[in-house]
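For reference, the structure is listed below as structure tokens.
The values are calculated or read from the model by the stated rules, or taken from the named source; none is laboratory data. Since the structure is predicted, the reported quantities are computational estimates derived from the model, not experimental observations. Backbone-built Cβ (ideal geometry, glycine too); neighbour counts: all protein chains shown.
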Amino acid sequence: MKVEPMCAFLALWNDVDPACIAEYEAWHQQEHVPERVSVPGILSGTRYESDRADQQRYFTLYELTSLTCLASQPYRQLVEQPTPWSVRMRRSFRNFLRLTCQLCVTAGDEVGNGVAVERIVWHPAAAPSVTDLGKLTRLVSRREFELPLLRILIGVSRAAGPQALRNVDDAPEGIEAVFVLQSESPAELSDISEHFRQHISASLQAPVWWRSSTFSRISHIVGKSVGGQERPSPRSDLMESWEKRHFA
């Protein structure tokens, strides 16, 4: 079966109640992401974590064939009819942010062990064109950049699909682009972010707002690896085991 190419992505940032971190890890890895990548049009889900105190702890990236899959009945069912474990875990979320992005430029095809995510907002009159972003991508992809960039994704934020939690965000109004810079090693992320900032400043008009975050990869789950077309059964067995530990 031919796999459609990625044309959009869903990016999520969040913290979790510290008392729930271990259970969150089990739920997110073993129930939540497998559910999401079972939706037709969601190609994969990659989980990342950070130990930085100045940003959210978790980042999740879903690669999509298009933003329309987030309006589909299978996706809406996941959001509007959550499993019992999901209902419980949603209460533990903190500093949640969900952005849906139309992919406009991409380079490279390897999933990195580290990722630098740059959120940049421009005034509409100063926003770069797709051509401008393509030129920037070619520039930072060259060998003289001397950093192990495996992949670059650039998407423009576009509202799509329902979401279960309210966004916590202080970004101003404007045209927002999300730059996902994947590297071979998380140790290189601070250099990548700094060099990228320099290229942005030299190549494009000044933005009105900018926020950077860096993460190390935890896991990568491909849609076809969990069945592809049917919602997996709720992991009630795992939820019950966590309940027994908590209330024992």
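Below are the figures for this structure:
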read-out: One residue from 79, 87 being under 24 Å from residue 243 (Cβ atoms) and loosely packed, with under 14 Cβ neighbours inside 10 Å; value: 87
read-out: Close pairs (7 angstrom Cβ cut-off, 6 or more residues apart or separate chains): under 18 Å from residue 217 (Cβ atoms) and in contact (Cβ under 8 Å) with a residue 60 or more places away in the chain in the stretch 96-112, surrounded by fewer than 20 Cβ atoms within 10 Å (Cβ to Cβ) and among the hydrophobic types (A, V, I, L, M, F, W, C) anywhere; value: 108/150; 110/150; 112/150
read-out: Answer residue from the stretch 174-206, given it is among the hydrophobic types (A, V, I, L, M, F, W, C) and assigned to a helix (DSSP H, G or I) and is farthest from residue 47 (Cα to Cα) among those; value: 202
read-out: Number of the exception - residue 109 against (1) under 23 Å from residue 40 (Cβ atoms); (2) modelled with pLDDT under 95; (3) touching an Asp or Glu at 6+ places or on another chain (Cβ under 9 Å); (4) not aromatic (Phe, Trp, Tyr); value: (3)
read-out: Count of the stretch 19-35 residues which are among the charged types (D, E, K, R) and surrounded by fewer than 20 Cβ atoms within 10 Å (Cβ to Cβ); value: 1
read-out: Some residue of the stretch 176-189 being at negative phi, at pLDDT 95 or above and not hydrophobic (A, V, I, L, M, F, W, C); value: yes
read-out: Residue within the stretch 95-104 that is touching an Asp or Glu at 6+ places or on another chain (Cβ under 7 Å) and on the phi > 0 side of the Ramachandran plot present; value: yes
read-out: Condition broken by residue 11, with the remaining ones in (1) in a helix (DSSP H, G or I); (2) of a type outside the set (Lys, Arg); (3) surrounded by 18 or more Cβ atoms within 10 Å (Cβ to Cβ) satisfied; value: (1)
read-out: Every pair of residues 6+ apart whose Cβ atoms lie under 9 Å, when the first sits in the stretch 194-219 and is more than 21 Å from residue 172 (Cβ to Cβ) and at pLDDT 90 or above while the second is among the acidic types (Asp, Glu) and outside any helix (DSSP H, G or I); value: 215/49; 216/49; 216/51; 217/49; 218/49
read-out: Residue satisfying condition, being touching a helix residue (DSSP H, G or I) at 6+ places or on another chain (Cβ under 8 Å), crowded, with 20+ Cβ neighbours inside 10 Å and either farther than 22 Å from residue 115 by Cβ or not aliphatic (A, V, I, L, M) (or both), within set 39, 16; value: 39
read-out: In the stretch 33-90, the residues that are free of Cβ contacts under 8 Å to residues at least 24 places away in the same chain and assigned to a loop (DSSP other than H, G, I, E, B); value: 51, 53, 54, 81
read-out: Conditions (1) charged (D, E, K, R); (2) in contact with a Leu (Cβ under 9 Å, 6 or more places away or on another chain); (3) not in a loop (DSSP other than H, G, I, E, B): number failed by residue 4; value: (3)
